[in-house]
Amino acid sequence: MTTDNQQELFDVVNANDEVIGQATRGEVHRRNLMHRSVHIFVFNSDGQLYLQKRSQTKDRHPGCYDSSASGHQDAGEDADTCACRELREELGLEAGASLTRLFKISACAETGWEHVTFYTLQTDAPPQPNPREIESGRFFTLAEVLQMIEADTQQFSPGFLKMLQKFGEQMGKG
């Protein structure tokens with residue numbers, strides 16, 4: 001039984017991320033319509049990445065490791081507002097000045113047909129996972145995450161793997 005609100009209203013967008021209509025979460029997912037989301041990687045001052053393990057009641061990728069916080073943009077909501085809301089709702093964290101927008105990824109199968117705006121947040125405030133959304137979570141070194149991926153990619157959501165790949169490419173440029 002899923003606890004996700006299938007009646008939430010999302011903007012439906014085209015390949016250029018332009019709004020072309022609105023539909024409920026249930027319809028968007030059932031029909032694989034393009035829509036918008038945010039992903040946030042939360043790092044502590046030791047450079048460790050917080051990973052959440054998705055609740056078993058999620059409608060997509062239950063029980064998989066995922067970005068620190070992520071979520072759909074509501075109809076009419078901008079990405080920055082959504083990122084702050086998701087950090088609060090999922091982890092009880094306030095974004096503050098260290099929330100940094102890094103890149104966008106166009107909708108594709110790995111993202112669940114979501115145009116994703118990606119952020120990082122550096123904080124030592126302890127995450128307080130929302131049990132309705134998150135089964136568990138903790139900080140990992142990037143080396144630990146890469147070892148876990150090498151051992152079994154199936155324990156991660158495809159969207160997280162796509163975010164991590166793009167994040168690595170971005171960090172390699174700097």
When residues of region 100-130 are limited to those that are touching a residue at least 40 places away in the same chain (Cβ under 8 Å), among the charged types (D, E, K, R) and in contact with a helix residue (DSSP H, G or I) (Cβ under 8 Å, 6 or more places away or on another chain), the one nearest to V13 (Cα to Cα): E114
Taking S67 as the residue in question, decide whether it is touching a residue at least 12 places away in the same chain (Cβ under 8 Å), in contact with a Leu (Cβ under 9 Å, 6 or more places away or on another chain), closer than 16 Å to G137 by Cβ and not hydrophobic (A, V, I, L, M, F, W, C). yes
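Being in contact with a strand residue (DSSP E or B) (Cβ under 6 Å, 6 or more places away or on another chain) and closer than 30 Å to T141 by Cβ narrows it down to one residue among L51, L9; which is it? I'd like the intermediate steps shown before the answer.
Values: L9 fails: closer than 30 Å to T141 by Cβ.
After ruling out the rest, the residue left standing is L51.
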Looking only at region 41-58, and only at residues there that are under 14 Å from the mean Cα position of the chain (by Cα) and part of a loop (DSSP other than H, G, I, E, B), the one that is farthest from W113 (Cα to Cα): S55
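Does any residue of region 86-99 turn out to be closer than 17 Å to F10 by Cβ and part of a helix (DSSP H, G or I)? Outline the logic, then answer.
Residues of region 86-99 closer than 17 Å to F10 by Cβ: 86, 89.
Those left that are additionally part of a helix (DSSP H, G or I): 86, 89.
Yes, region 86-99 contains a residue that is closer than 17 Å to F10 by Cβ and part of a helix (DSSP H, G or I).
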Residue satisfying all of: in region 105-122; within 13 Å of the chain's Cα centre (by Cα) and among the polar types (S, T, N, Q); surrounded by the most Cβ atoms within 10 Å (Cβ to Cβ) among these: T117
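Looking at region 1-42, which of the residues that are of a type in the set (K, R) and within 19 Å of E89 (Cβ to Cβ) is surrounded by the fewest Cβ atoms within 10 Å (Cβ to Cβ)? Step through it out loud before you land on a result.
Initial filter on region 1-42 (of a type in the set (K, R)): 25, 30-31, 36.
Going one step further and asking which of them are within 19 Å of E89 (Cβ to Cβ), we end up with 25, 36.
Values: R25: 19, R36: 24.
Ranking the qualifying residues of region 1-42, first place goes to R25.
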Output yes when any residue across region 152-170 is more than 30 Å from N32 (Cβ to Cβ), free of Cβ contacts under 8 Å to residues at least 60 places away in the same chain and not basic (K, R), and no when none is. no
Given (1) within 19 Å of R132 (Cβ to Cβ); (2) free of Cβ contacts under 8 Å to residues at least 60 places away in the same chain; (3) not small (G, A, S), index of the condition V12 fails: (1)
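If we scan region 24-31, do we find a residue that is out of contact with any helix residue (DSSP H, G or I) (no Cβ under 8 Å at 6 or more places or on another chain), more than 16 Å from L102 (Cβ to Cβ) and assigned to a loop (DSSP other than H, G, I, E, B)?
Step one: filter region 24-31 for residues out of contact with any helix residue (DSSP H, G or I) (no Cβ under 8 Å at 6 or more places or on another chain), giving 24-31.
Filter once more, keeping what is more than 16 Å from L102 (Cβ to Cβ): 24-31.
Filter again for assigned to a loop (DSSP other than H, G, I, E, B), leaving none.
Within region 24-31, not a single residue is out of contact with any helix residue (DSSP H, G or I) (no Cβ under 8 Å at 6 or more places or on another chain), more than 16 Å from L102 (Cβ to Cβ) and assigned to a loop (DSSP other than H, G, I, E, B).
No value in this document is a laboratory result; all are computed from the given coordinates. Predicted model only: the values in this text are computed from it and were never measured. A quick note on method: Cβ atoms are made from the backbone with ideal geometry, for glycine too, and the neighbour counts reach across all protein chains shown.
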